[in-house]
Amino acid sequence: MIRTQIPDYDAHAIEEKWQRVWEETELFKTEEDPSKPKRYVLEMFPYPSGDLHMGHARNYAMGDAMARQARMAGYDVLHPMGFDAFGLPAENAAIKHHTQPGTWTEKNMATSLATMRRMGFSYDFDRLVRTCDPSYYRWEQWLFLKMWERGLVYRKTSPVNWCPSCQTVLANEQVVDGACWRCGSVPERRELEQWYLKITDYAEELLNGLDELTGWPERVKQMQRNWIGRSEGANITFALANEEGDPTERTFTVFTTRPDTLFGATFFLLSPEFAGLGELVDDTHRKEVDEVCEIAASASSFERQATEREKHGAFTGRYVVNPVNGRLLPVWVADYVLTDYGTGAVMGVPSGDERDFQFARKYGLPIPPVVVEEDDPLYAELKDETELVVEDVDWDHAMAAEGRLVQSGPFTGMKGGHGSEAVSAIISWLGERGLGEAKVEWRLRDWLISRQRYWGTPIPAVHCPHCGIVPVPEEELPIVLPASLDLAAGETLAECPEFYETTCPVCGGPARRETDTMDTFCDSSWYYLRYCDPHNDEAPFAPEAAARWMPVDNYIGGIEHAILHLLYSRFWTRVLRDFGMLDFSEPFTNLLCQGMVKDEEGRVMSKSLGNVVPPASVIKPYGADTMRMAVLFVAPPVKDFDWDPKAVAGCNRFIKRAWRLVFELAGEGWPEGGVEIDPTSLTGADADLNHELHSLGLRSTRDYERAQYNTAISAIMELANAATSYLSNVPEEARNSALMALVARDLVALLAPICPFVAEELYHEALGFETSVYDEPWPSFDEAQAATSEVEIAVQIKGKVRARITIPMDIPKDELEEKAIAAVADRIGSATIRKVVTVPGRLVNIVC
RNA sequence: GCCCGAGUGGCGGAAUGGCAGACGCGGCGGUCUCAAAAACCGCUGACCGCAAGGUCGUGCGAGUUCGACUCUCGCCUCGGGCACCA
């Protein structure tokens, strides 16, 4: 190969060429080679709302760099892609444009696929999964039936969040800051019968499992912990008092995390929605109680949950008996008591709870201290009092949680607080008398999965007037969505007789098909399993296929899924494990939450702000390689960054520089007999370049392995800089062409995961190889060759650098110290050296 | 209120307890050019100094250490999660 001139870098021609070659040669088809270690690299699949945006480009550039590097490093890599294709935006677009959601979705998927190909992402497109395909959602319906069989699916009527704009109910997780996660409208509370998945059965396991997820970011685990919300405490039984003040058979149970404050209870609270409240209320108090119930009902769930909201309550005219001291507690209804947490009834301990304190102050109820800090003067006064002698205090807040019990009968003097000795003592006292027991409560509620929308997976159930609600038999799956609906005219599944008219699978009589569809988060709760075996038409996936590829080794996606998708997927994985289909519990071993791409002013990119930078605006002038490098280089993967056109231009500049450099280094191409370098024979600039090659190669490799692409690229740039100065400092006749060819090849290999097109082109056209650079093993860099013969040592006096000396790497320690002391002799003067600390290859610290 | 994370030049950001600011952007100076762009070369934390050199410097304050951006404790600020969850 004789070259007279370096060709120009023509990104578009190169990218089009290699995109075609890779497809023709099926380079990225999953190998399925069991002799290699497996690596499952997965990026969260997109919702096809149009074309891909910058966030997708960043997300997928990371996953692609990881997958390509892993492949070169010898792994059998699974790197699939798909579409989360069901969802409301498609329906809204269909209504607006008088078309079908499927048509709109198909178009967007095609557009997105074209961009993925243009970006050079190394997906195995044979494994493409689209959740709107009946071949996919058939198995979701099948899994639903299995869960139903196992009692994990149920229906219940309860107050739910109804989004008036989306015209459907929402899961708890989908109400964010009191608003619909999708459209931002404030949901209404409606009493409806809906389908639920029993995620609470797995609450404990989902919580504890987080501790073993060492490959997950701490903040994501913390968000899930907060969401699951475990509280340890006790259920305590209070009996309703009769007119004489004696306990009756009618009892109420409360949950409390502070049983140690039981002696301080001075009232008893029921939520406005408490079942049976109506019959309980004394007629003379009914009016006030009804008013409180009305206030509660009229407030939106958002208002009702605001911390600053004033509390409202009314006395019911009834009393309960405090089981521990027989004291009569007035029963009130209060709007700050939640219906769907604990039992809907609460004991009021105003000295120990800020909310109860405010309530007591407002309604003039007594506030006796029961847990007092030892350095509080009140403690000295009350420490031996077992009976209630002080009924009220003049603080303006409830007391601190920690302290010692006073005025608390036999428990007086014990340590109180969360998990204290007083807590366990009172629980066992109550337990012995059948009045209470230890109890754990969870903030997590069951997952409401039914949606009153068309574009989703139909719930496989039939409503029969005789047999009730019955499952669709497995053989009848999939229940396919009808294509004939006129959504623009407001038609819904519930108004489509072709869909809902059916017969009961049990009695054969006429029946009505369920017309609710499943939450789209069900679709994304198991797609990563389908990728392992995407064409299976006898099961969602073969257990052996999942065993080969799962769990996902590296999952990459946005932090916005920290709770919803990532919690639901952990739940489904456990359910499938319990079906015997999987033998592990956690689907995602390592999680990388990439930061957001914001605009130049640091604002979120959005259509409404009109500040969206489409990937095409970079690809057009610069090409896909520049685009990929830019999103990886400009910031560490987990951090947000503000879009900077100058930084993009800088990346393009580097690619062009690397292009010329590799051609110059490669000369007439990779030598026919290969390259054999004897490191001991290298001297001067050659030795320096060889050293840079190995030390920077090692650094870049380590950064790839820990997914720090910004610094992996820095190291490549440094290597290019080193090679550039070699060329400008060493005259042509003195250059080591074998070494230069080696540097050229390794530079190309190091760049290949980030800039695949230019790397492949250089590998062929500059170096003259005929195979793909992705069939080249990852270069091996050598720690020994990374070391230099001479090294600069910092000489410190008491930790401050006072001189630098250059010494041979292998100099004995005492000789090094001697030289170091000599270098700073004038500064030491007559002072005595008390200590010398030497770190070989780095520094000498002299203490005097 | 509870919990988690983060604070380093003009900017994005580097630094297994061992020379703070790698790499890039921007800026300044130069080479090339009639000129400009591109490309290439050099300089670029602040302060003092003609210079050699010196002093300061990783949000603030202590501590551990021969040595702290890094570890410990106490604050401050910003970002995020949960929150009338008893």
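The values are calculated or read from the model by the stated rules, or taken from the named source; none is laboratory data. The model shown is predicted, which means the values in this text are computed figures rather than measured ones. Backbone-built Cβ (ideal geometry, glycine too); neighbour counts: all protein chains shown. Surface accessibility is based on the protein's heavy atoms, side chains included, excluding ligands, DNA and RNA. Shrake-Rupley method; radii C 1.70, N 1.55, O 1.52, S 1.80 Å.
Structural remarks
- Gain on full extension, evaluated as 0.36 nm per residue between A:Asp583 and A:Asp640 minus their Cα-Cα distance, stands at 16.9 nm.
- Per-residue SASA entry for A:Arg548, accessible area with 1.4 Å probe, Å² rounded to 10: 60
- Anchor A:Lys96: aspartates and glutamates whose Cα lies under 18 Å away (excluding residues fewer than 8 positions away in-chain): A:Glu106, A:Asp486, A:Glu491
- In summary, the aspartates and glutamates within cross-link reach of A:Lys598, defined as a Cα separation below 12 angstrom excluding same-chain residues under 8 places away, comprise A:Asp640, A:Asp642, A:Asp644.
- The range A:206-350, relative contact order in percent, only Cα pairs under 8 angstrom and at least six apart counted: 31
- For chain A, the longest principal axis of the Cα atoms and the long axis of helix A:737-751 meet at an angle of about 20 degrees.
- Across A:Lys17/A:Lys620; A:Lys415/A:Lys439; A:Lys221/A:Lys639; A:Lys38/A:Lys656, pairs whose alpha-carbon gap is larger than 25 Å: A:Lys38/A:Lys656
- For the range A:439-543, the square roots a ≥ b ≥ c of the C-alpha gyration tensor eigenvalues yield an a/c under 1.5, which makes the shape rounded.
- Helix-derived mean residue ellipticity, 222 nm - over chain A, DSSP H n ≥ 4, -39500 (n - 2.57), to 500: -11000 deg cm²/dmol
- To the nearest ten degrees, helix A:354-363 and the longest principal axis of the Cα atoms of chain A are 30 degrees apart.
- Cα point-scatterer Debye curve for the range A:247-291, base-10 log of I(q)/I(0) at q = 0.13, 0.25, 0.30, 0.31 Å⁻¹: -0.41, -1.09, -1.22, -1.24
- Theoretical FRET efficiency, 1/(1+(r/R0)^6), r = Cβ-Cβ of A:Arg309 and A:Ala110, R0 41 Å, to 0.05: 0.25
- Label-zone membership for the range A:674-710, site A:Met717, 7 angstrom Cα→C-beta point, backbone N under 12 Å: A:710
- Projected label points at A:Val675 and A:Ala547, each 7 Å from Cα along the beta carbon direction, are separated by 4.5 nanometres.
- Taking 7 Å steps out from each Cα toward its Cβ at A:Ala738 and A:Val506 produces label points 8.3 nm apart.
- If you bin all the Cα-Cα distances of the range A:439-496 at 10 Å, starting from zero, the percentages per bin are 16, 37, 29, 14, 4, 0.
- FRET E, pair A:Arg657, A:Leu338, Förster distance 60 Å, beta-carbon r, rounded to 0.05: 0.45
- Compactness of the range A:52-151 was expressed as the Cα radius of gyration divided by 2.2 N^0.38 Å, which yields 1.33.
- Difference of contour (0.36 nm per residue) and Cα-Cα distance, A:Tyr379 to A:Ala649: 90.2 nm
- Between helix A:564-578 and chain A: long-axis angle, C-alpha atoms, 0 to 90°, nearest 10: 80
- Principal semi-axes in Å for chain A [√(5λ), Cα gyration tensor, largest first]: 62, 42, 22
- When the Cα gyration tensor is reduced to axis lengths a ≥ b ≥ c, the ratio a/c is 1.5 or higher for the range A:513-587, and with a/b not above b/c it is classed as oblate.
- Between the range A:406-474 and the range A:208-261, the alpha-carbon center distance in angstrom: 8
- In this structure the amide hydrogen of A:Ile556, modeled in the peptide plane, comes within under 5 Å of the amide hydrogens of A:Leu42, A:Glu43, A:Met44, A:Leu592, none closer than 5 places in sequence on its chain.
- For the range A:40-114: relative contact order, % (alpha-carbon pairs under 8 angstrom, 6 or more apart): 44
- Candidate residues A:His97, A:His56: accessible-area rank, largest first, probe 1.4 Å: A:His97, A:His56
- Cα-based shape type of the range A:74-114, given that a ≥ b ≥ c are square roots of the gyration tensor eigenvalues and the cut on a/c is 1.5: prolate
- Counted charge near A:Ala784, where neighbours are those whose Cβ lies closer than 14 Å (Asp, Glu -1; Lys, Arg +1): -4
- Using 0.36 nm per residue and subtracting the Cα-Cα separation, the extra length available between A:His98 and A:Glu391 on full extension is 98.4 nm.
- Of the two radii for the range A:231-328, the radius of gyration is 0.98 times the Kirkwood radius, both from the alpha carbons; that is the Rg over Rh value.
- Over all other residues within a Cβ to Cβ distance under 13 Å of A:Ala483, the charged ones net out to -4, with Lys and Arg as +1 and Asp and Glu as -1.
- Considering only chain A, percent of DSSP beta bridges that pair antiparallel, nearest 5: 75
- Summary value for chain A: 14 percent relative contact order, contacts being C-alpha pairs under 8 angstrom separated by 6+ residues.
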